[in-house]
Amino acid sequence: MNPNPNEKGLFINGKAKAFEILKRLGEKEKTDILKKISIKNARLAEELADNSYSFSQIYKLSDNNLKLIFANIPAGIFGIAIRNLDSNFQKRALTLAHRTFAEKAYETLSMELPDEQQNIQRAQSKISEIMLSLIRTKQIVI
């Protein structure tokens with residue numbers, strides 16, 4: 001029996017696993033791990049940090065940071081993205097937005113969607129990309 005799993009054709013993507021692990025950690029734990037990694041490999045630590053953010057961190061954004069998201073995404077996509085989120089967060093976000101943005105977002109939030117879960121996932125991924133871009137440019141700090 002061969003103990004090396006790679007010789008059997010099994011491949012485990014280490015970075016992808018690390019991204020998933022970091023997404024599940026608390027901020028302090030994540031920061032500690034990334035500091036230790038950066039001592040050995042700063043580029044890897046930066047890549048891991050960039051990819052460890054998830055859409056669920058939208059709850060942690062301040063009001064001003066949410067407004068930055070609104071400025072960078074169509075209202076319809078935002079409405080779809082928040083469909084399956086807590087209603088208190090939905091109310092908070094929509095009251096922060098400009099009236100026309102909030103109305104359009106609410107319209108898409110309320111309408112029937114084909115392939116609802118797939119559309120929600122796509123919209124949330126788009127917002128995650130925008131959040132990451134704003135984090136990289138230091139416009140948002142989580």
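The values are calculated or read from the model by the stated rules, or taken from the named source; none is laboratory data. All of these numbers come straight from a predicted model, not from anything done at the bench. Positions of Cβ are generated from backbone atoms using ideal geometry, with glycine treated the same way; all protein chains shown enter the neighbour counts.
Residues checked against (1) modelled with pLDDT under 95; (2) within 15 Å of Lys126 (Cβ to Cβ); (3) out of contact with any Gly (no Cβ under 9 Å at 6 or more places or on another chain):
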position	(1), (2), (3)
Lys91	no, no, yes
Glu103	no, no, yes
Tyr106	no, no, no
Ser110	yes, no, no
Any idea how many residues of region 130-142 are surrounded by fewer than 14 Cβ atoms within 10 Å (Cβ to Cβ) and either assigned to a helix (DSSP H, G or I) or modelled with pLDDT of 95 or more (or both)? 2
Just name the residue that is nearest to Glu112 (Cα to Cα) out of those in region 55-85 that are in a loop (DSSP other than H, G, I, E, B) and within 16 Å of the chain's Cα centre (by Cα). Arg83
Among Ala42, Ala97, which is the only one that is buried (at least 19 other Cβ atoms within 10 Å of the Cβ), more than 17 Å from Val141 (Cα to Cα) and over 15 Å from the mean Cα position of the chain (by Cα)? Ala97
Within region 11-31, restricting to residues that are modelled with pLDDT of 80 or more and not basic (Lys, Arg), the one that is farthest from Tyr53 (Cα to Cα) is Glu29
